[in-house]
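Asker: Below is one structure. I have some questions about it.
The values are calculated or read from the model by the stated rules, or taken from the named source; none is laboratory data. These numbers come from a predicted model, not from an experiment. Positions of Cβ are backbone-derived with ideal geometry, glycine not excepted, and every protein chain shown enters the neighbour counts.
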Amino acid sequence: MPLYEHVFLARQDLAQAQVDSLAEEATKIIEANDGKVTKTETWGLKSLAYTIQKNRKAHYVMLHVDAPGTVVEELERQTRINEDVIRYMTIKVDEHEEGPSVMMRKAEKKRRRDAENESRGDK
């Protein structure tokens, strides 16, 4: 089956539990149509490059999807009508990246750098 990466941005005023619920709903849509989600990553609340529907920040979530194209069409249709999702993008990929995505590695690198600075007393 074709492989996809589906990323969506949820409104900034949602709680993390509501964002997780949105990811679960997307997973249910995919699994109900004979597809599967191999990995879900929540990248957290991040600033947007520009304001979208009066939102300056958004919760980012990425799903690795293994499903036929018709499943992706249904997922995008459901995502489009959800008022909590302000943007989404689905990309067909040749293979899924093993381990954490670039966004997760970037966050981990920042945490390590901050911890090192804190231990040295830097600000």
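Asker: Name the residue that is modelled with the lowest pLDDT, counting only residues in the stretch 58-101 that are among the hydrophobic types (A, V, I, L, M, F, W, C) and over 22 Å from Asp20 (Cβ atoms). Full working, then the answer.
Answerer: Kept after step one, since they are among the hydrophobic types (A, V, I, L, M, F, W, C), are these residues of the stretch 58-101: 58, 61-63, 65, 67, 71-72, 75, 81, 85-86, 89, 91, 93.
Remaining after also requiring over 22 Å from Asp20 (Cβ atoms): 91, 93.
Working: Ile91: 94, Val93: 91.
Top of the filtered list is Val93.
Asker: Residues of the stretch 54-66 being in contact with a Phe, Trp or Tyr (Cβ under 7 Å, 6 or more places away or on another chain) and closer than 11 Å to Ile29 by Cβ, which ones?
Answerer: The one that is in contact with a Phe, Trp or Tyr (Cβ under 7 Å, 6 or more places away or on another chain) and closer than 11 Å to Ile29 by Cβ: Val65.
Asker: Just for strands (runs of 3 or more DSSP E) wholly inside the stretch 6-123: which have at least 3 residues that are of a type in the set (D, E, K, R) and surrounded by 10 or more Cβ atoms within 10 Å (Cβ to Cβ)?
Answerer: 36-52, 55-66
Asker: Could I ask something else about it? In the stretch 84-105, which residues are in contact with a strand residue (DSSP E or B) (Cβ under 9 Å, 6 or more places away or on another chain) and free of Cβ contacts under 8 Å to residues at least 40 places away in the same chain?
Answerer: Scanning the stretch 84-105 gives a single hit, Glu97.
Asker: Limited to the stretch 1-17, what total is found for residues that are over 12 Å from the mean Cα position of the chain (by Cα) and either at pLDDT 95 or above or of a type outside the set (S, T, N, Q) (or both)?
Answerer: Qualifying residue count, the stretch 1-17: 9.
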